[in-house]
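These notes are about the structure you will find just below.
The values are calculated or read from the model by the stated rules, or taken from the named source; none is laboratory data. Remember, it's a predicted structure, so these values are computed and weren't measured experimentally. No Cβ is skipped: glycine too gets one built from the backbone with ideal geometry, and neighbour counts run over all protein chains shown. The area values use the complete protein model at the heavy-atom level, side chains included, leaving out ligands, DNA and RNA. Shrake-Rupley method; radii C 1.70, N 1.55, O 1.52, S 1.80 Å.
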Amino acid sequence: MGGDPYRGTGFWQPKPEERAALRQHLLAELPPGHVLYPRRDTLEVEARAQDGDDVIVRTGCVRNPLALVQMTWRGRPEIAPFLPETTLFASDDALRMQLGGA
């Protein structure tokens, strides 16, 4: 699959600098106990929703290598360990199917 892997899904791939900034925002929001918290060192933002707060993240985990995260943009860890809301995916195909771009 060449080109933009998120074409037709409502997501786009920002430039590396923006992805790095989004990663910093994400790390600032993750509280201890969050499903992504233990993976802080391996998280990489791949894409961002065109019309919302969601980002697609590579987790660095073999079992669930992708996550769809609904950012809160608070700039600090959430109190509840399930926030920001996160859905894990076992494959790129599973994520694309969820996004409607399969």
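Within segment 74-93, the set of residues being within 14 Å of the chain's Cα centre (by Cα) and open to solvent by less than 100 Å² (accessible area, probe 1.4 Å) comprises L83, P84, T86, T87, L88, F89, A90, S91, D92. Looking at segment 37-48 only, could you name the residues that are touching a Leu at 6+ places or on another chain (Cβ under 9 Å) and part of a strand (DSSP E or B)? Answer for segment 37-48, where residues must be touching a Leu at 6+ places or on another chain (Cβ under 9 Å) and part of a strand (DSSP E or B): V45, E46, R48.
Of all residues in segment 11-41, those being open to solvent by 30 Å² or more (accessible area, probe 1.4 Å) and over 22 Å from A80 (Cα atoms) number 9. Could you go through segment 42-51 and let me know if any residue there is surrounded by 15 or more Cβ atoms within 10 Å (Cβ to Cβ) and out of contact with any helix residue (DSSP H, G or I) (no Cβ under 9 Å at 6 or more places or on another chain). Looking for residues that are surrounded by 15 or more Cβ atoms within 10 Å (Cβ to Cβ) and out of contact with any helix residue (DSSP H, G or I) (no Cβ under 9 Å at 6 or more places or on another chain), one finds at least one in segment 42-51, hence yes.
How many residues are in contact with a Leu (Cβ under 9 Å, 6 or more places away or on another chain) and assigned to a strand (DSSP E or B) if we restrict to segment 1-32? Can you show your working first?
Step one: list which residues in segment 1-32 are in contact with a Leu (Cβ under 9 Å, 6 or more places away or on another chain), which gives 6, 8-11, 14, 23, 26-27, 29-31.
From what is left, the residues that are assigned to a strand (DSSP E or B) are 11.
Number of matching residues: 1.
Condition check: free of Cβ contacts under 8 Å to residues at least 24 places away in the same chain and more than 23 Å from P16 (Cα to Cα). Does E85 satisfy that?
Yes, satisfied.
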